[in-house]
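Visitor: The following block contains the structure, expressed as structure tokens.
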Ligand code: DGY
């Protein structure tokens, strides 16, 4: 019987699918299995079900002498050394598509919350500071009719752009390849990165983390943005130079930021960024709806089993 190690408890249906066909061990901790556990567990298994919090590097892969498949419970797979896996003949799969709309919803949640200082306003109200309706109380930025800049026009970027139509926004996008469908549907215009940063009131990041996108948004790029601009990151933390972002916010070079992802996760509770009232944060919950996480669980289980059964998985990472 095939052996599978699952690095965290995922929704039950996915685990049941695996248990019907394989001998499954699940790491029951609330945090990722320590490296030494992974190194030990990987030795005897044929399949590994990982989360984006599990760094699967060369040393770990080399310990997996029976390993045939790694099914990553995420669309991003920057946690896995895919080249090394390929060299060892190990198939890597991910979960594209199913989490697109859910993540786009969260990006918009952050966008609206950051534009209107919603979290601070909530805290202020609960703390009993509200004395009277005030003409200057919690002034924010309008969203309707503004310009939305999408950096990375893949599935999620496009879903975020489509939502902008409901707010009558002009859409700009920065992407390697033109997206004629997106342009037709939303009137979006493809521009260079600098132009997007200079012209957008809202900038939302949707690129994968690669050497080319690491620190894509640094001090220079933040300097180009409008003073009223809001930056949203639901992609990967290291795409933004976090220290430069904090400085830009402190110096009021941009208005606010909404962040679901961080350079290091979890972000340290003492990180100065968390003291900044212009930042709205979430603990990497882009895909966290009941329905989507269940779909992701079925998807990883299906693909993992497909590879073990000698079939082609639906979502191989290429
Ligand atoms: C992913 O799947 O890569 C997302 O970051 C999860 O929210």
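The values are calculated or read from the model by the stated rules, or taken from the named source; none is laboratory data. If you're wondering where the values come from, they're calculated on a predicted model, not measured in any experiment. Note that we place each Cβ from the backbone using ideal geometry, even for glycine, and neighbour counts take in every protein chain shown.
Visitor: Can you tell me which residue is nearest to the ligand (Cβ to nearest atom) among those in region 244-265 that are part of a helix (DSSP H, G or I) and within 19 Å of residue 212 (Cα to Cα)?
Guide: 245
Visitor: Has region 39-50 got any residue that is in a helix (DSSP H, G or I), touching a helix residue (DSSP H, G or I) at 6+ places or on another chain (Cβ under 7 Å) and closer than 27 Å to residue 210 by Cα?
Guide: Yes: region 39-50 contains one or more residues that are in a helix (DSSP H, G or I), touching a helix residue (DSSP H, G or I) at 6+ places or on another chain (Cβ under 7 Å) and closer than 27 Å to residue 210 by Cα.
Visitor: Has region 216-231 got any residue that is within 16 Å of the ligand (Cβ to nearest atom) and surrounded by 22 or more Cβ atoms within 10 Å (Cβ to Cβ)?
Guide: no
Visitor: If I go through region 300-315 residue by residue, how many of them are outside the structural domain of residue 51 (by TED's automatic domain parsing) and within 14 Å of the ligand (Cβ to nearest atom)?
Guide: Residues that pass the stated criteria total 1.
Visitor: Just one of the numbered conditions (1) without any contact (Cβ under 8 Å) to a residue 24 or more places away in the chain; (2) surrounded by 15 or more Cβ atoms within 10 Å (Cβ to Cβ); (3) away from the ligand (no atom under 16 Å from the Cβ) is not true of residue 281; which one?
Guide: Every condition holds for residue 281 apart from (3).
Visitor: Another question, then. Restricting to region 75-95, what's the tally of residues that are surrounded by fewer than 16 Cβ atoms within 10 Å (Cβ to Cβ) and within 12 Å of the ligand (Cβ to nearest atom)?
Guide: So the answer is 0.
Visitor: Also: If you check residue 53 against the conditions, is it within 16 Å of the ligand (Cβ to nearest atom) and touching a helix residue (DSSP H, G or I) at 6+ places or on another chain (Cβ under 6 Å)?
Guide: Spelling it out, it is not the case that residue 53 is within 16 Å of the ligand (Cβ to nearest atom) and touching a helix residue (DSSP H, G or I) at 6+ places or on another chain (Cβ under 6 Å).
Visitor: Quick one: which of 297, 235 is within 16 Å of the ligand (Cβ to nearest atom), touching a residue at least 12 places away in the same chain (Cβ under 8 Å) and part of a loop (DSSP other than H, G, I, E, B)?
Guide: Residue meeting the stated conditions: 235.
Visitor: Give, as residue ranges, the helices (runs of 4 or more DSSP H) completely inside region 103-187 that count at least 1 residues that are without any contact (Cβ under 8 Å) to a residue 60 or more places away in the chain and over 25 Å from the mean Cα position of the chain (by Cα).
Guide: 118-126, 180-186
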